[in-house]
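Below: the structure, in structure tokens.
FYI, it's all coordinate maths here, none of it is from the lab. As the structure is a computational prediction, the values presented were derived from the model and not from experiment. Here the Cβ positions follow ideal geometry from the backbone for every residue, glycine too, while neighbour counts run over all protein chains shown.
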Amino acid sequence: MESTSNTVFLIDIYNKFSSDKVISTFKINNREYCIKEVELMWGTPILNSIEEDAEQPYFKLYNTLDEAQEYVKQLKRLEGARL
């Protein structure tokens with residue numbers, strides 16, 4: 001799935017109260033994360049909410065949902081290797 005017009009995908013800490021467009025959720029090390037589809041403004045993601053513990057959040061932006069999902073698979077493989 002490719003992003004539409006000026007949107008990208010990013011991985012963030014999941015917050016069920018956020019109004020951002022959450023595509024999917026997953027857990028790593030008992031912490032819940034999500035893939036969000038967000039619009040860009042001047043190359044910066046427009047988020048409706050940012051977790052309080054993230055002063056200056058840095059996000060790796062993915063052009064397609066497939067790219068973001070592949071990164072999640074890599075994270076899960078790494079988590080499994082550490083157990």
Margin query: When you check Ser24 against the structure, is it of a type in the set (Ser, Thr, Tyr), loosely packed, with under 11 Cβ neighbours inside 10 Å and either touching a residue at least 24 places away in the same chain (Cβ under 8 Å) or out of contact with any Gly (no Cβ under 7 Å at 6 or more places or on another chain) (or both), yes or no?
Written below: no
Next item on the list: Just need a number here: residues in the stretch 27-43 that are within 13 Å of Val72 (Cα to Cα) and crowded, with 18+ Cβ neighbours inside 10 Å.
Entry: 3
